[in-house]
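What follows is calculated from the coordinates using simple rules that are stated; it is not laboratory data. Note that the structure is predicted; figures quoted are calculated from it, not measured. All Cβ positions, even for glycine, are placed from backbone atoms using ideal geometry, and neighbour counts span all protein chains on display.
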Amino acid sequence: DTGVSQNPRHKITKRGQNVTFRCDPISEHNRLYWYRQTLGQGPEFLTYFQNEAQLEKSRLLSDRFSAERPKGSFSTLEIQRTEQGDSAMYLCASSLGGQPNQPQHFGDGTRLSIL
Amino acid sequence: KNQVEQSPQSLIILEGKNCTLQCNYTVSPFSNLRWYKQDTGRGPVSLTIMTFSENTKSNGRYTATLDADTKQSSLHITASQLSDSASYICVVSPLTGGGNKLTFGTGTQLKVEL
């Protein structure tokens, strides 16, 4: 078990640029989640996948955000035309589906800073 | 209003002392209640998961309790260590949606000092 891996760990970019983050879940986990966390707050749900299907999206996920999980393994989260308010920690988590009481295992996040 | 409220917001204790963190939630019905530990700059790590029918769950020096009638949970840390310094987050999983969409509290920031 190598855990959930997120890349890059840090991303600094200018406002208006596009950014893409990658998440590699625990290999046997079929569910993958994206969260956003700002300073002093708990994570907020963005979206989740079961295998390659994106099953739910939060209202926080504006049309500038898109997430994919093309082969049901790794996932990418892209933010287009970044804004100051996008500065946050973006966390990915994975879990085994089928039972609701499975823990979600989190990666260490990608910290995005918009200049 | 946040559906998961935690208190205190922050807490400083001496190494070796015990402490109790509180969580009040309004999410209902819910599938399970979780406590996570989050070190600075790291992702949250699961400590305990309790279903609505469970009253208590332990994980080493961490003991979580749940009162589904009053919608309250607590996390008790025994014999605190410096490495316990972290944010402790209460998380409720609603029954709808297959328990996937977790609702997080804002956390209690714990600092353990010598």
> Using a Förster distance of 41 Å, how high is the FRET efficiency between residue A:115 and residue B:79, based on the Cβ-Cβ distance and rounded to 0.05?
Replying inline: 0.35
> In Å, what Rg and Dmax follow from the Cα atoms of chain A?
Replying inline: 13.4, 42
> the stretch B:6-36 to the stretch A:20-34: how many Å between their Cα centroids?
Replying inline: 28 Å
>> Placing one identical point scatterer on every Cα of the protein assembly as shown and ignoring solvent, what is log10 I(q)/I(0) from the Debye formula at q = 0.07, 0.10, 0.13 Å⁻¹?
In response: -0.22, -0.45, -0.76
>> Sequence gap at least 6, Cα distance under 8 Å: using those rules, report the relative contact order of chain A to the nearest whole percent.
In response: 37 percent
> Which stretch or stretches of the stretch A:77-115 have amide N atoms under 15 Å from the point lying 7 Å from residue B:53's Cα along the Cα→Cβ direction?
Replying inline: A:100-101
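Taking the stretch B:1-77 on its own, what percent of its Cα-Cα pair distances exceed 18 Å?
Value for the stretch B:1-77 (Cα pairs over 18 Å): 42 percent.
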>> I'd like the FRET efficiency for residue B:111 and residue B:70, computed as 1/(1 + (r/R0)^6) with the beta carbon distance as r and R0 of 30 Å, rounded to 0.05.
In response: 0.60
>> Starting from 0.36 nm per residue, how many nanometres of slack lie between residue A:53 and residue A:83 once their C-alpha separation is accounted for?
In response: 8.0 nm
> With labels modelled as points extended 7 Å from the Cα through the Cβ direction, what inter-label distance (nm, one decimal) is found for residue A:2 paired with residue A:63?
Replying inline: 3.8 nm
>> Give the residue list of trypsin sites (Lys or Arg not before Pro) in the stretch A:3-86 that are DSSP loop and have at most 16 other beta-carbon atoms within 10 angstrom.
In response: A:9, A:14, A:15, A:59, A:64, A:71, A:81
